[in-house]
Amino acid sequence: MILKLQQKTPHLSGDVRITGSKSESNRLLLLQALFGNFEINNLSNSDDSDVMQRALASTQRVVDIHHAGTAMRFLTAYFATYEGRETLLTGSNRMKERPIGLLVDALRTLGADITYTETEGYAPLLIKGKKLTKNTVSLAANVSSQYISALMMIGASLEKGLEITLLGNITSVPYIEMTRSLLTQLGIVSSFENQLIKIEPAKNVSISEMTVESDWSSVSYYYSLVALSKTAKLNLSSYKKESLQGDAVLAELYDKLGVQTTFLENTIVLEKEVESKPRRVSFDLANCPDIAQTIAVTCFGLGVACDLTGLHTLKIKETDRLEALKNELTKLGATITVTDKSLHLKEGGTCNENITIKTYQDHRMAMAFAPLALKVPIIFEDAEVVNKSYPDFWADFRGLGFKTEQL
Ligand SMILES: O=C(O)C1=C[C@@H](OP(=O)(O)O)[C@@H](O)[C@H](O)C1
Ligand SMILES: C=C(OP(=O)(O)O)C(=O)O
């Protein structure tokens with residue numbers, strides 16, 4: 001679907017209720033399958049959580065998780081411990097290019113039986129579930145925290161628990177902390193000190209319900225809208241100040257880009273501050289990689305120079321996000337350079353009208369560029385990519401007065 005997005009007024013107001021965090025949802029779905037039948041409130045309605053639910057309920061040999069990175073990584077560990085079950089775990093063409101070798105090696109060290117059916121180090125995986133008998137493992141921590149979260153969750157189901165030694169720099173740390181916090185809420189004991197994570201064994205959990213906070217990565221697009229507006233007041237729910245999601249750092253980062261955040265009960269209010277934009281910002285986003293695209297586009301829209309670092313994981317996400325950003329921002333009129341772990345945007349520049357943004361099968365390429373419609377009409381290829389994390393995205397923008405036209 002090719003979609004043209006326009007907004008006549010730079011003044012915004014309204015309320016948006018955003019679906020549950022897909023990261024929290026996919027962890028809780030896995031933990032529910034491992035440890036007990038608690039209810040999950042405000043579960044994400046994203047495709048990624050949908051495939052996770054289907055995969056966990058499936059009795060088929062072939063399980064296809066499409067584009068969902070968390071589902072791929074979490075389920076590799078889950079099916080490896082599922083005694084007597086043989087699973088061929090596969091995904092989209094892009095998923096077959098996203099590395100999983102470090103996780104497979106770690107699981108094999110613990111005794112898992114996993115083989116690659118096409119390319120070494122990549123899905124599809126033939127997983128023969130069995131009892132894992134070892135309880136110590138080490139792995140490089142600078143590629144994806146999802147491998148570590150996967151090990152932590154199944155770790156609690158092993159007879160002796162699990163000790164994970166993290167080698168080198170640790171990336172996306174808040175996602176590891178999120179996994180730990182959810183384990184703690186379920187009564188599972190763990191520790192994370194320096195480079196060592198210890199997970200105590202658990203049989204089942206006594207809690208009867210868990211509530212997912214709404215998705216902070218999805219809120220980033222509203223931060224961008226407010227930053228690019230003339231005046232704005234948006235009420236977004238359901239959020240809390242003490243979030244488990246690292247992307248809640250948005251409140252701090254966008255304060256520097258002219259957006260004020262007020263936390264009310266369950267709601268955040270975003271307001272445009274009186275025009276006082278900086279000439280240049282520098283952010284290290286190693287702890288919050290999913291908001292890099294949003295911030296790059298906001299800075300372009302504001303004409304603010306930016307240096308974004310800590311982006312070493314962006315090349316192995318839904319697409320090579322650094323290349324994709326460079327291509328699409330250049331089409332719009334930006335002067336931008338990227339390395340394999342950073343992005344640098346020059347100050348100023350005008351925003352070209354009616355440019356068609358390629359989305360590279362990456363939900364965040366569509367959603368990150370959408371706020372530019374406050375400045376110029378903009379067109380999106382494959383607009384339905386948003387379904388991966390936020391299926392109501394275009395409807396919610398329409399709710400704020402944006403016009404969408406299918407071309
Ligand atoms: O654990 C998670 O829920 C996630 C971890 C991050 O991945 P990496 O650890 O691979 O950076 C993030 O980019 C992804 O969207 C979700
Ligand atoms: C990288 C992402 O997801 P995943 O790795 O789970 O596919 C994302 O949602 O931006």
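Step by step: first the residues of segment 157-172, then only those that are within 25 Å of D247 (Cβ to Cβ) and crowded, with 18+ Cβ neighbours inside 10 Å, then the one that is nearest to the chain's Cα centre (by Cα). Which residue is that? Looking at residues that are within 25 Å of D247 (Cβ to Cβ) and crowded, with 18+ Cβ neighbours inside 10 Å, I get S172. Considering each residue of segment 43-68, count those that are under 17 Å from the mean Cα position of the chain (by Cα), closer than 13 Å to S25 by Cα and either within 16 Å of ligand 1 (Cβ to nearest atom) or of a type in the set (A, V, I, L, M, F, W, C) (or both), and give that number. Residues flagged as under 17 Å from the mean Cα position of the chain (by Cα), closer than 13 Å to S25 by Cα and either within 16 Å of ligand 1 (Cβ to nearest atom) or of a type in the set (A, V, I, L, M, F, W, C) (or both) within segment 43-68 amount to 10. The residues of segment 170-187 that are in contact (Cβ under 8 Å) with a residue 60 or more places away in the chain and not hydroxyl-bearing (S, T, Y), listed by number, are V173, P174, E177, M178, L182, L183, L186. Those helices (runs of 4 or more DSSP H) of segment 292-407 in which 1 or more residues are more than 19 Å from the chain's Cα centre (by Cα) occupy 292-302, 321-332, 393-399.
Within segment 98-111, restricting attention to residues that are surrounded by fewer than 24 Cβ atoms within 10 Å (Cβ to Cβ) and in contact with a Ser or Thr (Cβ under 9 Å, 6 or more places away or on another chain), the residue that is nearest to H67 (Cα to Cα) is R98.
State whether the residues of segment 245-257 include one that is more than 25 Å from the chain's Cα centre (by Cα), in the same structural domain as H312 (by TED's automatic domain parsing) and under 29 Å from K8 (Cβ atoms). No, the conditions are met nowhere in segment 245-257. Each residue in segment 258-271 was checked for being over 23 Å from the mean Cα position of the chain (by Cα) and either at positive phi or modelled with pLDDT of 95 or more (or both), and 5 pass. Do you know which of the residues in segment 159-174 that are touching a strand residue (DSSP E or B) at 6+ places or on another chain (Cβ under 8 Å) and among the hydrophobic types (A, V, I, L, M, F, W, C) is farthest from V205 (Cα to Cα)? By that ranking, first place goes to L167. In the set T309, T319, T313, T359, only one residue is at pLDDT 95 or above, within 15 Å of ligand 2 (Cβ to nearest atom), hydroxyl-bearing (S, T, Y) and touching a Ser or Thr at 6+ places or on another chain (Cβ under 8 Å); that residue is T313. The residues in segment 196-218 that are touching a strand residue (DSSP E or B) at 6+ places or on another chain (Cβ under 8 Å) and either in a strand (DSSP E or B) or within 16 Å of ligand 1 (Cβ to nearest atom) (or both) can be counted, and the count is 11. Checking the conditions here, which among S218, S229, S238 is among the hydroxyl-bearing types (S, T, Y) and surrounded by fewer than 22 Cβ atoms within 10 Å (Cβ to Cβ)? Going through S218, S229, S238 in turn, just one is among the hydroxyl-bearing types (S, T, Y) and surrounded by fewer than 22 Cβ atoms within 10 Å (Cβ to Cβ): S238.
For segment 279-328, filtered to residues that are touching a residue at least 60 places away in the same chain (Cβ under 8 Å) and of a type in the set (S, T, N, Q), the residue that is surrounded by the fewest Cβ atoms within 10 Å (Cβ to Cβ) is N287.
The values are calculated or read from the model by the stated rules, or taken from the named source; none is laboratory data. These numbers were taken from a predicted model, which means no experiment stands behind them. Because the Cβ atoms are built from the backbone with ideal geometry, glycine has one as well, and the counts that use them run over all protein chains shown.
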